[in-house]
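Before any comments, here is the structure.
What follows draws every value from the coordinates through simple rules; no lab data is involved. Everything numeric in this text was worked out from a predicted model, so none of it was measured. Quick reminder, even Gly has a Cβ in these numbers, built from the backbone with ideal geometry, and neighbours come from all protein chains shown.
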Amino acid sequence: MKDLASRARSRKLKPEEYQGGTTAVSNLGMFGIKDFAAVINPPHATILAVGAGEERAVVKNGEIKIATVMSVTLSTDHRAVDGALGAELLVAFKRLIENPMGMLV
């Protein structure tokens, strides 16, 4: 992975090393963008737009607390992915990102 990242930064990746996927992730959170909708690039069928994490007031167990909240948006090509399946993907992503230790078990 480090090799791929290094070669990507130096623009030395071959097209076959980064083309042909079915989904993509677009992260503008590192630039402080709270939320956005990413455009699907063919041949992908989905793209996950990841926004910045920020502290927000949330209600937990009937009390207002401060939590770091991150917005994500999933764009899907409905010719390839039903919206309900996209929603299931977001539910699974939310479960894993909120409980990362669950990925180790």
Legend entry - Interatomic Cα distance distribution for segment 21-99, bins of 5 angstrom, percent: 3, 15, 20, 22, 18, 11, 6, 3, 1, 0
Inset, instruction - Averaging sequence separations of C-alpha pairs under 8 Å and six or more residues apart, then dividing by the length of the chain, give the relative contact order as a whole percent. - result: 20
Legend entry - Under 21 Å from Lys60, Cα to Cα: lysines that are on another chain or at least 8 residues apart: Lys94
Legend entry - Additional length obtainable on full extension of the chain from Asp82 to Arg56, 0.36 nm per residue less Cα span: 6.2 nm
Legend entry - Nearest 10 degrees, 0 to 90: helix 83-98 Cα axis against the chain principal axis: 70
Inset, instruction - For Lys12, list the lysines whose Cα falls under 28 Å from its own Cα; do not include residues on the same chain fewer than 8 positions away. - result: Lys2
Inset, instruction - Please report, in debye to the nearest 20, how large the charge dipole of the chain is about its Cα centre when each Lys and Arg carries +1 at its beta carbon and each Asp and Glu carries -1 there. - result: 380
